[in-house]
Amino acid sequence: MNQIPLLGTGLNGLVGSKFTMDFANSYDFDNMDLRNPVRPVDITSDKQVLSVLSKSEAEFVVHMAAFTDVTGAWQQTGDTNGSCYMVNVKGTENLVKACEETGKHLIYLSTAYVFDGEKEDLYTETDKTNPIEWYGKTKALAEEIVQNSNINWTILRIDQPFRNDRFDKVDTLHRVLDGMKNGKLYPQFADHHFGPTYINDLAKIIDFIIRQKMTGLYHASSGESWTDFEFAKFINETFNLNFDLQEGSLAKYLETSNRPYQKNTALNIDKLKGSLDFELKNIKIAIKETEL
Ligand SMILES: NC(=O)c1ccc[n+]([C@@H]2O[C@H](COP(=O)([O-])OP(=O)(O)OC[C@H]3O[C@@H](n4cnc5c(N)ncnc54)[C@H](OP(=O)(O)O)[C@@H]3O)[C@@H](O)[C@H]2O)c1
C-alpha cells in the first residue's frame, strides 16, 4: 500500500506516538522534532518551520507539539517570552504562516482548557472560549491564529487523553491506576467533571480527518462526562485493586490553592460523531482493554 507523506509536530509525544504507531502503514511520517538527530526542528523558529514545509510533498501538517505542563505554564503566566507562550502561540503562528506560503492544510490539536469550566453541561463548539489559566490561554490564542488564517484548517479539541498501552509520559488513566496500585492515591474529586479522550480512537479520528479532508472546529473526546471519583472507582473495580478510594472535593481544594482549575471540561462531540464512518469506544470498554 502506498504511504501518504505526512508532516507532523509532537509525533513523539503521548498522542502523536500512538498515532504514528497505529498508522505506520498508512503514512510516511516526517516529524518536526527538536530531538531529530538528522534534522532537528524547533517550531519556535519560523525559518526552520518554513524550510521543512517548503521541501515537503505532504498536503497535511498534524500539529501536536505543545508545552503541555499546565502547572509549569501557570508559573509562566503573562510571560510572552516564556517557553509555554513561545511553543504554543509562536510555534503555531510559524506553522500557520508556513502553511499559508506552501498551501498545506493544518490540523491543530487543542484542548478543553480553552473554556472556563463553569458550564453545567457538556461544552459544544459554539460555546465561547474563556480560558482561566495560562496553558489554556496560550492554546486559545493559537486557535484564534489558526481560525483567522487563510489556510485549510481543522481544530480538534480533546480532554484528559489516555491510551491502552503504557507510555513514558503517564496518562490520566495510568496515573490513577499506578496511584491505587502503590496505595498512594489522593481522594478523588467528586465535583470535578472531565471528558476522557481515548487516544486509540483519536488516532482514527485524525486519519479520518485527513482521508475526508475535513475542515473546521470539532470536539474529539469520547463525548462522555466523568468525575475523577467515578473514573477512579471504575478502574478500582475493573482491575480488582481493592483500594480504599476516598471522595475529595475540588471546591474545598480551591479554598487552599490560588491556581485556578476548571470545574468541568467535558466536551459534546455530536458534530464530529455524526460524520465518522466508525464507532467510538465507550470509556468503560476502553478502560477494560487497557494494559495494567
Ligand atoms: N496531554 C493532555 O492532557 C492534553 C489534553 C488536551 C489537549 N492536549 C493537546 O494535545 C497535543 C498533544 O499532547 P501530548 O500530551 O501528546 O503532548 P506531549 O506528550 O507533552 O508531547 C509534546 C511534544 O511537543 C514537542 N515539542 C515541544 N516543544 C517543541 C518545540 N519547540 N519544537 C518542536 N517540538 C516541540 C515535544 O518534543 P520533545 O519530545 O522532543 O520534547 C513533544 O514531542 C498538544 O497540542 C496538547 O496541547 C493534550
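A few remarks follow.
- Applying the set (1) open to solvent by less than 50 Å² (accessible area, probe 1.4 Å); (2) more than 9 Å from the ligand (Cβ to nearest atom); (3) more than 24 Å from Ile205 (Cβ to Cβ) to Gly8 leaves exactly one unmet item: (3).
- Which numbered condition Thr256 fails, given (1) among the β-branched types (Val, Ile, Thr); (2) open to solvent by less than 40 Å² (accessible area, probe 1.4 Å); (3) out of contact with any Gly (no Cβ under 9 Å at 6 or more places or on another chain); (4) closer than 30 Å to Gly78 by Cβ: (2)
- The residues of the range 41-78 that are open to solvent by less than 30 Å² (accessible area, probe 1.4 Å), part of a helix (DSSP H, G or I) and within 12 Å of the ligand (Cβ to nearest atom), listed by number, are Val49, Val52, Val70, Gly72, Ala73.
- For the range 1-41, residues that are charged (D, E, K, R) and without any contact (Cβ under 8 Å) to a residue 24 or more places away in the chain total 2.
- Matching residues, the range 13-40, being within 13 Å of the ligand (Cβ to nearest atom), over 15 Å from Gly91 (Cβ atoms) and open to solvent by 70 Å² or more (accessible area, probe 1.4 Å): Met21, Arg35, Pro37, Arg39
- Residues satisfying the stated conditions in the range 40-84, i.e. among the β-branched types (Val, Ile, Thr) and closer than 23 Å to Leu106 by Cα: Val41, Ile43, Thr44, Val49, Val52, Val61, Val62, Thr68
- Residue within the range 94-101 that is more than 24 Å from Ile209 (Cα to Cα) and either among the small types (Gly, Ala, Ser) or in a loop (DSSP other than H, G, I, E, B) (or both) present: no
- When residues in the range 261-283 are screened for being surrounded by 11 or more Cβ atoms within 10 Å (Cβ to Cβ), without any contact (Cβ under 8 Å) to a residue 60 or more places away in the chain and of a type outside the set (A, V, I, L, M), 1 of them pass.
- Among the candidates Glu93, Glu100, Glu57, residue that is of a type in the set (D, E, K, R) and either under 19 Å from the mean Cα position of the chain (by Cα) or modelled with pLDDT under 95 (or both): Glu93
- Of all residues in the range 165-190, those being near the ligand (Cβ under 9 Å from one of its atoms) and either of a type in the set (Val, Ile, Thr) or open to solvent by less than 50 Å² (accessible area, probe 1.4 Å) (or both) number 2.
- Only residues that are within 16 Å of the ligand (Cβ to nearest atom) and not aliphatic (A, V, I, L, M) were counted in the range 208-224, giving 6.
- Once the range 116-164 is narrowed to residues that are within 14 Å of the chain's Cα centre (by Cα) and assigned to a loop (DSSP other than H, G, I, E, B), the residue that is farthest from the ligand (Cβ to nearest atom) is Arg163.
- All conditions in (1) out of contact with any Leu (no Cβ under 9 Å at 6 or more places or on another chain); (2) of a type in the set (A, V, I, L, M, F, W, C); (3) within 14 Å of the ligand (Cβ to nearest atom) hold for Ile107, with the sole exception of (1).
- Test: residue in the range 79-102 that is open to solvent by less than 50 Å² (accessible area, probe 1.4 Å) and on the phi > 0 side of the Ramachandran plot: no
The values are calculated or read from the model by the stated rules, or taken from the named source; none is laboratory data. If you're wondering where the values come from, they're calculated on a predicted model, not measured in any experiment. A quick note on method: Cβ atoms are made from the backbone with ideal geometry, for glycine too, and the neighbour counts reach across all protein chains shown. These area figures cover heavy atoms from the full protein model, side chains too; ligands, DNA and RNA do not enter into them. Shrake-Rupley method; radii C 1.70, N 1.55, O 1.52, S 1.80 Å.
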